[in-house]
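Report on the structure given below.
Every number in this text was worked out from the coordinates using simple rules, so none of it is lab data. Just so you know, these numbers come straight off a predicted model, no measurement behind them. Positions of Cβ are generated from backbone atoms using ideal geometry, with glycine treated the same way; all protein chains shown enter the neighbour counts.
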Amino acid sequence: MVNYRLQKLILGVVDNQIKDKSFPIVRDTFERLVKEGATKLQAKKIIGGLLVENIYNILSESKEFDEKKYARDLKTLHYDKADFKE
């Protein structure tokens with residue numbers, strides 16, 4: 001079940017990260033995913049999934065945001081058409 005309000009918020013955060021020149025790895029990851037065949041929305045959803053995972057870990061484990069780990073994890077993301085049934 002998809003919470004569309006939460007999805008819209010997360011995609012908005014991803015949009016802001018893509019535009020943010022101080023953290024270019026997000027924009028680079030977005031562009032790479034699109035080159036791999038993802039639509040722009042699919043690429044944002046893939047990045048958003050990683051973002052949600054990081055938010056969950058921060059909240060559930062009372063950890064600080066680890067920007068270096070987030071950047072490493074972004075580099076591991078790939079597009080797989082089978083993951084999307086749109």
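Quick look at the numbers
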item	result
Alpha carbon Rg of segment 18-85, scaled by the compact-globule rule 2.2 N^0.38 Å	1.14
Relative contact order, percent, segment 4-77 [alpha-carbon distance under 8 Å, six or more residues apart]	33 percent
Between segment 1-37 and segment 50-86, the Cα center-to-center distance that results, in Å	11 Å
Per-residue Cβ neighbour rank within 10 angstrom, fewest leading, Ser60, Ser22	Ser22, Ser60
